[in-house]
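A.B. asks: My questions all concern the structure below.
Where a number appears in this text, it was derived from the coordinates with a stated rule and is not lab data. Being a predicted model, the structure only gives us computed values, none of them experimental. Neighbour counts run over all protein chains shown; Cβ positions are idealised from the backbone, glycine included.
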Amino acid sequence: MQDLKTIVLSNQEISPGYYRMKILASGYSESAKPGQFVMLRVQRSFTPLLRRPFGVFQVGFIPADCDTLPPKEFIELVYKVVGGGTETMRELQSGDAVELLGPLGSGFTADASIAEKILVGGGIGLVPLYMLATELVKTSKVSLFVGGRTRDDIITISEFERLGVNVSVATEDGSLGETGFVTRLLEQRLEEPHQTEVFACGPMPMLDAVQKICATSEVSLQVSLEALMACGVGACLGCVVKGEGHTINEPRYLCSCTSGPVFNAESLDWNKTEAIKMVGGGK
Amino acid sequence: MSNAVEQVLKPKLAVEIAGLKLKNPIMPASGTFGYGEEYSPYIDLNQLGAIVTKGMSLNPKAGNNTPRICETVSGMLNAIGLQNVGVDAFIKDKMAFLSQYDTPVIVNFFGNTQEEYGEVAARLDDVPGVAALEMNISCPNVKHGGIVFGTDPQAAAAVVTSVRKRTTKPLIVKLTPNVTDIQILARATEEAGADALSLINTLTGMAVDIKTRKPRLANTIGGLSGPAIRPVAVRLVHQVVQAVKVPVIGIGGITCAADALEFLIVGAKAVQVGTANFVNPDAMATIIADLEKFCVEEGIADINDLIGTLEL
Ligand SMILES: Cc1cc2nc3c(=O)[nH]c(=O)nc-3n(C[C@H](O)[C@H](O)[C@H](O)COP(=O)(O)OP(=O)(O)OC[C@H]3O[C@@H](n4cnc5c(N)ncnc54)[C@H](O)[C@@H]3O)c2cc1C
Ligand SMILES: Cc1cc2nc3c(=O)[nH]c(=O)nc-3n(C[C@H](O)[C@H](O)[C@H](O)COP(=O)(O)O)c2cc1C
Ligand code: FES
């Protein structure tokens, strides 16, 4: 864990509204584990004020500008422009200053005894699954089910294919792959019982459906959640998610930046508990 | 020779608050620095004037429903709901870590009733390594229709009086800004036995998602912190300093040495840094270094010579 004051190496649009950004990041190729994230400060001013969390897409080295220098160690993020912070990020160019806190959080943990792995990604939720795939392909047969609204939301899949991952696509409008939700693909695959392990990241409705399918098929599932975060280090307690056994009278919260963002599905509460409303400010 | 030069170049940053000797006037604000440990990979806790912990209650508290935070212009709203491990677990599990450092530990605490406030203070009273208590009175009194202790001069005085009886440690009372006349509250808590006052806690606020038409916090209302509140905080510290004799600790939107200096000039003896820690885990280290630089540049040998020098 470190707070790096560093620079952007490259920042490119890869699909309308989706970008990938390489950042100079010494130490990350050793320290970052699949499923971990960073808190990125996109500029020195206080707009936006808080850092933004991003999953690690991959780590690696690129050759230095001159042969006598050692290669540059980088971290790559893939992001979707959704608001002020990501709008600012899109403007960044090679050489611009950014601050990088990380790598943070728990990562995915694969069970070596299970030979087949299934990855399920929804839209930008694909990001943390790529680094995981680079590890899993070394020992297992890996399939990726990826979904999005339309073909523009399906990103970086050729890179998964290059790793030897078997990729199946579903789009809601049918512009690429099967028409419908990505969860249908998972359901079909799990129809015949077989030993596998599922790793998923994406919007909450997708994760809800994936959880139901895996629970029915008795397949183990790890999910990476996207909570709102202020600190990323366990200090503010703003990022909590509901843990298994959570009730209104006995709330159980898990800190998603330190105990997560990757959780075993069984450790989470998948019942939608009614929100409690209280008046008065609470700090 | 080099020693003499050093003395000229190294201004004195040490301050004293209610008998507490601080290396410098910079400390974290409660709830923004966890129990210290969370930020120890990023900042040397020995550098700090003090460490202020997350607010502690008699029993563990699970906190509010989510979402608990949202960003606003130059600030953030939070309704964490005072989630904490409870005072006994704090003493057992968190104090050992904090005691390693040569930095005074100030334990922030609160209660749901006057009795609970007293009980938490009593349990912390004989704990070695606890240098002082900071009492958060921005909490609703569940026995009296939920009126916030810190907004009612009588309730505030009563709860401070009852805590004062249960502790021998220096007692800092943390004031809420959500009142009409802060000077009345400041005097009431000083008379009830506060050794120092700290302010401000967050300003109550609210934000709405215009698409879903729902409040952006599950709790509807939250506390505003960050640079947006600084001018309000500076004004309130200015008013409190004029109303009381006890030392005052300034809090609210501090991100850099210049921000901290505003509070010191107005008369705060020390300051707390909150939301800025989230943005910059080493914000306090930078502030301390830059305070020193400022003193050198301005020819100030001792920071105490600067405190309360507002020109009107
Ligand atoms: C562990 C983790 C990993 C993440 N990895 C990636 C990633 O690899 N690529 C990527 O593009 N995004 C990722 N995100 C989400 C990313 O942090 C947000 O999209 C970003 O903070 C939005 O900032 P903004 O200022 O552009 O938008 P804002 O103005 O802050 O928000 C715009 C809209 O996005 C919603 N939003 C903001 N933050 C989040 C969030 N954390 N989760 C869900 N919705 C949010 C807001 O509610 C709002 O509707 C990740 C989040 C977490 C917690
Ligand atoms: C996430 C968060 C949690 C907080 N928790 C507490 C708390 O437990 N007790 C307390 O007295 N103040 C709490 N506060 C208030 C801060 O200590 C401080 O008074 C306030 O944030 C203003 O300072 P700032 O603008 O520098 O953040 C909290 C603030 C934030 C942002
Ligand atoms: S983001 Fe602050 S505790 Fe997780």
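A.B. asks: Any chance you could list the semi-axes, whole Å, largest first, of the equivalent ellipsoid that the Cα gyration tensor gives for segment A:2-104, using √(5λ)?
C.D. replies: Semi-axis lengths for segment A:2-104 are 21, 15, 14 Å.
A.B. asks: Still on this structure: Going by average Cβ density within 10 Å per residue, which order do the peptides A:124-131, B:148-155, B:268-275 take, highest to lowest?
C.D. replies: B:268-275, A:124-131, B:148-155
A.B. asks: While we're here: Rounded if a/c is under 1.5, else prolate if a/b beats b/c, else oblate: with a ≥ b ≥ c from the C-alpha gyration tensor eigenvalues square-rooted, which is chain B?
C.D. replies: Taking the square roots of the gyration eigenvalues as a ≥ b ≥ c, chain B is rounded.
A.B. asks: Provide the packing ranking of A:253-266, B:245-258, i.e. peptides ordered by the mean count of other C-beta atoms within 10 Å per residue, highest first.
C.D. replies: B:245-258, A:253-266
A.B. asks: Considering only B:72, B:161, B:180, give the residue with the highest GNM mean-square fluctuation for chain B, with springs between Cα atoms whenever their separation is below 10 Å.
C.D. replies: Its mean-square fluctuation being the largest, the pick is B:180.
A.B. asks: Residue A:5 versus residue B:290, label points 7 Å from Cα toward the beta carbon: distance in nm?
C.D. replies: 1.1 nm
A.B. asks: Let me ask you something else. What distance in nm separates the two pseudo spin-label positions at residue A:264 and residue A:163, each 7 Å out from Cα along the beta-carbon direction?
C.D. replies: Inter-label distance under the simple model: 2.3 nm.
A.B. asks: Subtracting the Cα-Cα distance from 0.36 nm times the residue separation, let me have the gained length for residue A:204 to residue A:62 in nm, one decimal.
C.D. replies: 47.6 nm
A.B. asks: So what's the protein assembly as shown giving for Rg/Rh, alpha carbon basis, Kirkwood Rh from the mean inverse pair distance?
C.D. replies: We get a ratio of 1.01 for the protein assembly as shown.
A.B. asks: What is the mean number of Cβ atoms from other protein chains located within 10 Å of the Cβ atom of each residue in peptide B:31-39, rounded to a whole number?
C.D. replies: Average neighbour count from other chains, rounded to a whole number: 4.
A.B. asks: Where both residues lie in the protein assembly as shown, what percent of DSSP beta bridges are antiparallel, nearest 5?
C.D. replies: So the antiparallel bridges in the protein assembly as shown amount to around 50 percent.
A.B. asks: At a Förster distance of 56 Å, what's the computed FRET efficiency of residue B:297 paired with residue A:152, Cβ-Cβ distance as r, to 0.05?
C.D. replies: The formula returns an efficiency of 0.55 here.
A.B. asks: Have a look at the DSSP beta bridges in chain A and tell me what percent are antiparallel, nearest 5.
C.D. replies: Restricted to chain A, the bridges split so that about 60 percent are antiparallel.
A.B. asks: Using r as the Cβ-Cβ distance of residue A:47 and residue A:252, and R0 as 41 Å, what FRET efficiency do you calculate, to the nearest 0.05?
C.D. replies: It comes to 0.70.
A.B. asks: For residue B:232 and residue A:192, what is the calculated FRET efficiency with R₀ set at 51 Å and r taken between the beta-carbons, to the nearest 0.05?
C.D. replies: The pair residue B:232/residue A:192 has a calculated efficiency of 0.20.
A.B. asks: Name the residues whose placed amide hydrogens come within less than 5 Å of the amide hydrogen of residue B:29, ignoring near sequence neighbours (fewer than 5 apart) on the same chain.
C.D. replies: B:273, B:274
A.B. asks: Taking amide H positions as placed in the peptide plane 1.01 Å from N, state which residues far from residue A:9 in sequence (5 or more) or on other chains have amide H under 5 Å from it.
C.D. replies: A:22, A:23, A:24, A:95
A.B. asks: If you don't mind, there's one more thing I want to ask. Mind putting a number on the dipole of the protein assembly as shown about its Cα centre? Charges go on the C-beta only, +1 for Lys and Arg and -1 for Asp and Glu, and I need it in Debye to the nearest 20.
C.D. replies: 1060 debye
A.B. asks: May I ask you to order B:223-230, A:62-69, A:134-141 by the average number of other C-beta atoms within 10 Å around their residues, highest value first?
C.D. replies: B:223-230, A:134-141, A:62-69
A.B. asks: What percent do you get for the relative contact order of chain A when only Cα pairs under 8 Å and 6+ apart count?
C.D. replies: Reported as a whole number, the value is 17 percent.
A.B. asks: Using the count of nearby Cβ atoms within 10 Å as a rough guide to exposure, how do B:102, B:259, B:181 rank from fewest to most?
C.D. replies: Listing B:102, B:259, B:181 from fewest to most nearby Cβ atoms yields B:102, B:181, B:259.
A.B. asks: Span-like helices, chain A: DSSP H, alpha-carbon axial extent 18 Å or more, mean Kyte-Doolittle -1.0 or greater, which ones?
C.D. replies: Going by DSSP H runs, the hits are A:204-217.
A.B. asks: Using alpha carbons only, how many angstrom separate the centre of segment A:113-182 from the centre of segment A:1-38?
C.D. replies: The two parts, judged by their Cα centres, are 21 Å apart.
A.B. asks: Name the long-range amide H neighbours of residue B:24: under 5 Å, sequence gap of 5 or more, or other chain; modelled H, no Pro or chain starts.
C.D. replies: Correct list: B:15, B:49.
A.B. asks: Who wins for biggest fluctuation among B:79, B:121, B:260 in a Gaussian network model of chain B, springs between alpha carbons below 10 Å?
C.D. replies: Its mean-square fluctuation being the largest, the pick is B:79.
A.B. asks: Report the paramagnetic label zone for residue A:90: residues of segment A:134-172 whose backbone N is under 11 Å from a point 7 Å from Cα along the Cα-to-Cβ axis.
C.D. replies: Under 11 Å, as judged by backbone N against the label point of residue A:90, lies no residue of segment A:134-172.
A.B. asks: At 0.36 nm per residue, minus the direct Cα-Cα distance, what do residue A:97 and residue A:137 gain on full extension? Give it in nm, one decimal, please.
C.D. replies: 10.9 nm
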